[in-house]
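Data block below; observations after.
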Amino acid sequence: MQIKYILCAFATSFTLHMAYAQKRDTLKKDTTNIKQLKEVVVTGTRTQKSLQQVPIPITRITADEIKKKGLVRLNEILAEQTGMTILDDPHGQGIQIQGFDPAYTMILIDGLPLIGRNTGILELSRITINNIDRIEIVKGPTSSLYGSEAMAGVVNIITADPVKGISGGAAARYGTNNTADISLNSAYKNDRFYISGFANRYSSGGYTLQPSSGLPTVSPFAGYTLNGKTSYRIDGRTTIKLSVRYYTNDQDSRYLVENRYAAGTGTEKDFNIAPVITHHFTDKLLSTLQLYRSTYKTKSDVRYEDDQSVYDQTYFNQAFNRAELQNDYALKDNLKLTGGAGGQYETVEATRYTKLQSFTSGYSYFQADWLPVKKLDIIAGGRYDVHSVYKSQLSPKLAASYALSPKFTVLGSVGKGYKAPDFRQLYLNFTNAEVGYSVFGYEEASAGIERLQQAGQIETILIDPTTLKRLNAESSTAFNLGYRYKPTGKLYWTANLFRNNITNLIETAAIAIKTNGQSVFSYFNLNKVYTQGAETDLSYQVFKSLQLAGGFQYLEAYDQEVLDQIVAGKVFTKDPETNLTKVIKRSDYGGLLGRSKYTYNIRVNYQENKTGINASIRAIYRGRYGYKDTDGNGIVNRDDEYTKGYVLINASLSKPFLSDAIRVQLTAQNLLNYKDTQVVLNLPGRLIYAGVAYNFNKK
C-alpha cells in the first residue's frame, strides 16, 4: 500500500509540473552541457578522466544510446555490448566478462555496490535504466579500487542529476507476455540545491518454454523501484548529498514435486541509503566522506496445492554497512594523488545458515595519476584489505597510456584482483529434502559431517573435514594491451588483448557419501584457470544520418590442470559411434563450461534529421559453448556436449514530437524467434514492445 501512495505522490507532482511545461527548447541547452562532458569517465580511476586518455579498457554507454534502442533493463543493454555475454542461469541473468562468471563482476549504482546474489549471480533485470545518465564498464581487475568481486571488472550505473529548474517526465512500455514497464520522474534544481525522485513499476505475466508441462519457466512477477536524490551546496567548498533506493519484487511460482503441484509467492526487497559530504579544503585538496547501508531480503512460502502443507519456507536477510573517506590531492598540475580508507560490516541470517554470520573488514587504497609528459599518462596504485575470516589481500595495479598522435592512443595495464569467499562458501548448511544431498560451507563442514554421522546417515568419508585447508580468496593477475584510434570525427576504433591468470579458484567437491547414495559437498581452493583473448569494436558515421558499428571477441578459457593431464595422456573419452575408449587430444578440449570462443555484434543506426525518426537494428551472435559432460570425464570434449551458436536480431523505431518532448517507440528483441528450450532459458522467443515517453523542463 505504501508503494501506491508514493506512486500517487509522484503522479501528483508530475501533473503539477506539467502545467509549467512551456518552453521545451531549453532541453537543447542542457543537451549542450551534457555533450561537453560526454567523453568523461570516472569508474576506472574514481576521478574524472578523459575517455580517450584513461589507460584502462572501459566502455561508456550514454543515455541517448539507450533511449534510441528502446531498452529499459540493465540486462538488455549489457547483452548488446562487445565482449559481454548474458549468462543463462536458472537463478537469474548475470554478465560474463573476459570469460569470468557473473560472481566476479561488481555491479555499482553511483559507485556503490549492490548486494543480494543468488549462487553468485546478481539478477540484472531487477535494475531499471530509465533514470540514468550513463553506464561505465571497466574490464579487467579493479580490486585496486573496489576490492572483492571486482576481479573481472565493474559495471557502474550512474544515475542522472536533474537539470536546472523544474523537470519531470513519464515513460511506459508494454508488450509480449503482458510485460509492462512504467516510470515517473520529477525534479527541482537551483544554483545550490536539487531534489529528484524516480518511480518505476516492472511486471510480466511470465512465460513457459515447455507448455505441455503446465509449469512456467519464468513465473509472473511485479516489481517496484523508487529512487530519491538530493544535494545542497552549503558554500563554495562544501556540498552534502543523500541518495536512497528501494526495490521490491513479488513473484508467483509453481512446481511439480513427485507428481504433486506446489505453489507460492517469493518476495525480495533491496534498500540502499548513502549520505555523502564533500569539502574542498583548498583548491588542490578535495575530501569525500561517504556512509552506505544496503540490505537485501528474500522470503518464500511454497505449499502443496492438494493439502496446503509446506513444501518450502525460507528467508534470507543480508546487510552491508560501510564508512569511507577519500582524499584527492593535486600535488602538481601533472600529478594527482587519490587515497582512501574504509571499514565494512556485513551480516547474513538465513534458513540455510545455522546462525547469524558476520564479516568485519577494513581497507585502504592509494593511487597516483601522473602525466610526466603531455602524451603519457601513468596510473599506479593499490589497495590493501584486511578481513576477519580470510587472509589479507594486496591488489596493486599499474596502467599507462601514450598518445602516439592526437588520434591514436595505446594503453596497457597489469594488475591483481581477488574475490573473497562469500557467506555461502563459508557457512552454508543445506540439505536438499527432495534429492537428499548436502552442502556445507568450509566453516560448517566438520560439524555437519559429525551431525550426519550421529544420525547414521554417512556411509563413507572421502575427505576428513578436519584436514581441510583454510579457504582463501581467489586471486588473479591480469594483463591488458590495446589502443583507441579516432582518425576523424566519423571513425572510432578500439581493440584490446587480455590475459587473466586465476589461482585458488573455489570449487565444490564431495567429501562424503551418504547412506542414501547421495554426496556431501564442501568448498575447496583447487584449480588454476586462465582466460585470454582479444576484442575489438568499431563505429563509423557513414554520413550524417547513418552510423555503422560492430564488435568481435575471441575467447579462450581453460583449466590448466586439465591441460596438464591431457598432455600427460591421462584424460579419456568414449567414441559415441564405436564406443571405443580413446585418449583426449589438446584440440578436443573445449575449455570451461558456458564460454563461447566467438561472439560478435553488428549495429546499424539511421536517424532522419528532419523528422527525427530513428531506426536501429542490431545483430548479436553467440558462438557454441559447452554446457554438459556426457562421457563422464569431467570436461567438454564432444560435439553433443555443446549447445548451438545463435544470432539474435533486435530492432527499434522511434519518432519524436513537440521538440523531442514526446517520443513514441516500437522495440523488438529476438526478431528471428530463436529458442533453445533445453539450455537457453532466458530466451522466451520474439518480444515486441510499444512505448511512449514524455519529458519537460521549465527554468
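The values are calculated or read from the model by the stated rules, or taken from the named source; none is laboratory data. In this text, all values refer to a predicted model and were calculated from it rather than measured experimentally. So basically every Cβ, Gly included, is an ideal-geometry build from the backbone, and we count neighbours across all protein chains shown. For the accessible areas, the whole protein counts, side chains as well, though only heavy atoms, and no ligand, DNA or RNA atoms are used. Shrake-Rupley method; radii C 1.70, N 1.55, O 1.52, S 1.80 Å.
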Sequence-separation-based contact order of segment 277-375, relative, with Cα cut under 8 Å and 6+ spacing, percent: 22
Average silhouette area of segment 469-605, convex hull of alpha-carbon atoms, in square nanometres: 14.3
Relative contact order of segment 61-204, defined on C-alpha pairs under 8 angstrom at six or more residues apart (%): 19
Accessible carbon and sulfur surface of the chain relative to its total accessible area, %, 1.4 Å: 56
Probe 1.4 Å, protein heavy atoms only - accessible area per residue of segment 597-699 in square angstrom: 48
Highest-first arrangement of 571-579, 108-116, where packing means the average Cβ count within 10 Å: 108-116, 571-579
Sum of side-chain charges, Ala420 neighbourhood, beta-carbon under 11 Å (Lys, Arg +1; Asp, Glu -1): -3
Cα-based convex hull, segment 647-699, per residue volume (Å³, whole number): 91
Pairs beyond 18 Å (Cα-Cα), from Lys416/Lys528; Lys68/Lys597; Lys391/Lys419: Lys68/Lys597
log₁₀ of I(q)/I(0) at q = 0.05, 0.08, 0.11 Å⁻¹ - the chain, Debye sum with one point per alpha carbon: -0.25, -0.67, -1.35
Nearby lysines by direct alpha-carbon distance to Lys299 (threshold 24 angstrom, same-chain neighbours under 8 apart not counted): Lys4, Lys269, Lys355
Whether segment 143-214 is rounded, prolate or oblate, judged on the alpha carbon gyration tensor where a/c under 1.5 counts as rounded: oblate
Spatial separation of Cα centroids for segment 146-196 and segment 260-298, in angstrom: 15
Accessible-area order (highest first, 1.4 angstrom probe) of the listed residues Arg624, Arg424: Arg624, Arg424
12 Å Cα-Cα reach of Lys332 towards aspartates and glutamates, excluding residues that sit fewer than 8 places from it in its own chain: Asp283, Asp369
Length-normalised contact order of segment 162-228 in % [C-alpha pairs under 8 Å, at least 6 apart]: 27
Where segment 156-290 is the region considered: accessible area per residue in Å², 1.4 Å probe: 46
Residues of type lysines that Lys69 reaches as a straight line, Cα spacing below 16 Å, ignoring anything fewer than 8 places off in the same chain: Lys655
Cα-based Rg of segment 364-421 normalised by 2.2 N^0.38 Å, two decimals: 1.48
Heavy-atom accessible area per residue - segment 344-476, 1.4 Å, Å²: 47
